[in-house]
1. Net charge around P31, counting only other residues with Cβ within less than 12 Å of its Cβ (Lys, Arg = +1; Asp, Glu = -1)?
2. Averaging the inverse of every distinct alpha carbon separation and then flipping it gives the Kirkwood radius. What is it for the stretch 58-100, in angstrom units?
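Laboratory data are not the source of any read-out in this text; all were calculated from the coordinates shown. In this text the structure is predicted, and so the values were computed from the model without any measurement. Here the Cβ positions follow ideal geometry from the backbone for every residue, glycine too, while neighbour counts run over all protein chains shown.
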Amino acid sequence: LDLCLTNMDLAHKSSTTLTGQSLSVQLSDLPGAETGSALDTLRATGQCHLRIDATIYEALDPAQQASLLQDVRVCLNVEDGYPHNLRLLLTQAGRHLALSGPDTDSQAAGSPFAGAKAESEWTLSVPCLSRGSSAGQEADAVRSQMKAFLDDHLDDITLEITYSAIQH
């Protein structure tokens, strides 16, 4: 309800049309921490930082201004299946979405990102590969399995973002 009221208020104030839009962004197309892509950074470190800014939205349609997120879906583009114990964590401004399986959307998890600004910064991580993860022989085996999966079977990760936009 709050999201609907905010969208109506934005449309009224701007005397323009408010439309629902969607955008697909691949990690391989986003810049990484130092060199390469965000996907390269995820493979190397177990996490990557993403910035979805106005230029990405404007490339889709220069006549609109992205406003608020409605939903985010994360899809793994894999060659040969995925490990049953695969866990990813998507974080944006203190909101978290735990992911398991080949694709997950925030609607199924109560839409933690609905109402957040569309222009935003994110962190996508593989918790078992991140610093401070568990130690021990079993944890080492899981880390090894996840690293091999990221390097050998994961072609890309796609963020499918649904957002409201103000049409100028």
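1. -3
2. Numbers: mean 1/r = 0.0740 Å⁻¹.
It works out to 13.5 Å.
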